[in-house]
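Take a look at the structure below.
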Ligand code: ASP
């Protein structure tokens with residue numbers, strides 16, 4: 001019994017330390033202004049509720065967005081970000097995250113970061129305490145440790161078992177794979193169809209200033225060291241405080257190939273309505289990437305999906321994606337609700 005107690009104590013202590021590390025790099029709240037605040041996120045009401053509560057208390061919009069996504073980063077049952085994120089081929093969770101701050105046009109990011117539950121908060125410290133924008137791998141971890149972020153094992157029993165089942169199935173000649181039917185359904189689903197996903201959150205405060213964040217564990221069972229779009233400014237997120245912000249979820253490679261979030265913000269700058277700006281971005285991504293057979297099916301249609309979320313300087317918002325259903329979480333200062341995303345192909 002003793003080791004179990006120790007482990008519980010250890011996990012509790014680590015969770016508390018991770019929680020307090022969230023304050024690293026956050027600004028002091030300031031008096032609120034006269035403008036209507038709005039927060040959007042990729043499909044998570046809790047995220048927009050937390051971020052809105054902070055914005056209404058005068059928090060910086062980026063700090064509010066980071067606090068909003070932190071709840072998902074700390075959730076072991078969400079397999080797309082932070083603790084419990086789906087690991088890479090080697091069974092190791094590698095996280096990508098980036099932030100942008102409207103008033104200063106600042107940005108910070110970390111990629112392939114291991115063992116840190118809140119990579120978005122580390123990205124903010126990269127932005128605030130260095131002259132750089134992006135730190136990667138072991139040196140990103142070293143930086144995070146130096147700055148006071150505690151290390152945590154980000155794998156859980158569910159993700160470890162699912163990864164093992166995935167690996168055994170892919171090394172069939174050398175291993176005796178556990179029949180999938182014998183696995184717990186959660187583990188089976190995660191092994192058979194690795195999830196990928198991301199949390200993006202953009203916040204507009206009562207002064208009309210924007211902040212945004214994108215955080216992810218990336219593609220499930222990816223090649224170790226693979227970096228997606230999420231920590232690349234212009235790809236997985238972008239913001240211009242005079243125009244608006246955009247973030248994305250889905251196959252990162254296609255956003256990297258198109259600087260897609262930057263393109264969406266530029267579409268807004270040219271006067272397009274939020275939904276049109278995002279649908280046009282989806283269209284561009286499809287047009288360019290389906291030139292490559294790896295990104296199209298037999299009928300020439302895209303064999304991948306991406307979703308874009310945007311929030312304008314004056315508080316308008318939209319989401320758009322390539323196919324299938326998708327939605328956007330919105331808080332307008334009064335209520336939080338889910339809003340349908342516009343689909344390019346369906
Ligand atoms: N965009 C993320 C990546 O490519 C994954 C996702 O959103 O599903 O790493």
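The values are calculated or read from the model by the stated rules, or taken from the named source; none is laboratory data. Since the structure is predicted, the reported quantities are computational estimates derived from the model, not experimental observations. Cβ atoms come from the backbone with ideal geometry, glycine included; neighbour counts cover every protein chain shown.
Computed quantities for the displayed model
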quantity: From 216, 206, residue being within 16 Å of the ligand (Cβ to nearest atom) and either touching a strand residue (DSSP E or B) at 6+ places or on another chain (Cβ under 8 Å) or under 26 Å from residue 264 (Cα atoms) (or both); calculated: 216
quantity: From the options 24, 5, 19, 11, residue that is at pLDDT below 95 and in contact with a helix residue (DSSP H, G or I) (Cβ under 7 Å, 6 or more places away or on another chain); calculated: 24
quantity: Condition met for residue 159 (within 16 Å of the ligand (Cβ to nearest atom) and over 19 Å from residue 98 (Cα atoms)); calculated: yes
quantity: Subset tally (residues that are in a helix (DSSP H, G or I) and either touching a residue at least 24 places away in the same chain (Cβ under 8 Å) or buried (at least 17 other Cβ atoms within 10 Å of the Cβ) (or both)) for the range 139-177; calculated: 15
quantity: Pair list, Cβ under 6 Å, 6 or more apart: the range 237-250 residue closer than 13 Å to residue 200 by Cβ, other residue at pLDDT below 95 and part of a strand (DSSP E or B); calculated: 249/198
quantity: Residue list for the range 72-99, restricted to those being within 13 Å of the ligand (Cβ to nearest atom) and touching a strand residue (DSSP E or B) at 6+ places or on another chain (Cβ under 7 Å); calculated: 72, 80, 81, 85, 94, 95, 96, 97, 98
quantity: Residue in the range 244-255 that is within 19 Å of residue 318 (Cα to Cα) and more than 14 Å from the chain's Cα centre (by Cα) present; calculated: yes
quantity: The range 264-294, residues that are away from the ligand (no atom under 16 Å from the Cβ), assigned to a helix (DSSP H, G or I) and within 30 Å of residue 205 (Cα to Cα); calculated: 265, 266, 267, 268, 269, 274, 275, 276, 277, 279, 280
quantity: The range 39-50 residues that are without any contact (Cβ under 8 Å) to a residue 40 or more places away in the chain, paired with ones that are surrounded by fewer than 21 Cβ atoms within 10 Å (Cβ to Cβ) (beta carbon under 9 Å, 6 or more apart); calculated: 46/71; 46/336; 50/71
